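The values are calculated or read from the model by the stated rules, or taken from the named source; none is laboratory data. These numbers come from a predicted model, not from an experiment. Cβ coordinates were reconstructed from backbone atoms using ideal geometry, including for glycine residues, and neighbour counts include every protein chain displayed. Surface areas here come from the heavy atoms of the whole protein model, side chains and all, with no ligands, DNA or RNA. Shrake-Rupley method; radii C 1.70, N 1.55, O 1.52, S 1.80 Å.
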Amino acid sequence: MKPLVIGLVQLLSNQQNISYYWNMSSKKRSNPTQHQELALELVSSASCLQMPPNYRVFLLNDDYTPMEFVVEVLERYFSMERQIATEIRLEVHQHGKGICGEYTREIAETKVIQVNEYSRRNQHPLLCRMEVLGAA
Ligand code: TYC
């Protein structure tokens, strides 16, 4: 049976902040003051919790979007300097795909929507997409 996790203890050791869950499915539980003495089945957070994955946002090449527009998008939505934006634009043009950045899911989703909406509003077929990265 999966342990019923009802509490989180923060322990400070060697300057590191380590989180532990205590498992109240243990028969030994009785009152809160016995937590330490009973050494409730502490399970390292490393085995319970995982950081949410990040997402890579990228642009796809097409034959119609003007190069200047791609550079503008990279500057406007990804805060790139002209020089870097131009390099990424060339990367997309030559290799079909160019990485704009890596973000949390919500930020990546927002950027994808913003770029695609902005492109359509300007009548360009430029496509912005995201892909999940390995868990951080
Ligand atoms: N390939 C496009 C053209 O030749 C330019 C372009 C570059 C389009 C980058 C999209 O993400 C892109 N007009």
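Listed by first and then second residue, the pairs linking a residue in the range 111-136 that is under 16 Å from residue 70 (Cβ atoms) to a residue that is away from the ligand (no atom under 13 Å from the Cβ), with Cβ atoms under 6 Å apart and 6 or more places separating them unless they lie on different chains, are 112/130; 128/112. All of 99, 107, 84 fail the test of being part of a strand (DSSP E or B), among the aliphatic types (A, V, I, L, M) and surrounded by fewer than 16 Cβ atoms within 10 Å (Cβ to Cβ), apart from 99.
Could you tell me whether residue 9 is out of contact with any Leu (no Cβ under 7 Å at 6 or more places or on another chain), open to solvent by less than 70 Å² (accessible area, probe 1.4 Å), at pLDDT below 95 and assigned to a strand (DSSP E or B)? Before the answer, list the steps.
On the way: out of contact with any Leu (no Cβ under 7 Å at 6 or more places or on another chain): yes; open to solvent by less than 70 Å² (accessible area, probe 1.4 Å): yes; at pLDDT below 95: yes; assigned to a strand (DSSP E or B): yes.
Yes; evaluated as a whole, the condition is true for this residue.
Just one of the listed residues (130, 24, 51) is modelled with pLDDT under 95, surrounded by 14 or more Cβ atoms within 10 Å (Cβ to Cβ) and aliphatic (A, V, I, L, M), namely 24.
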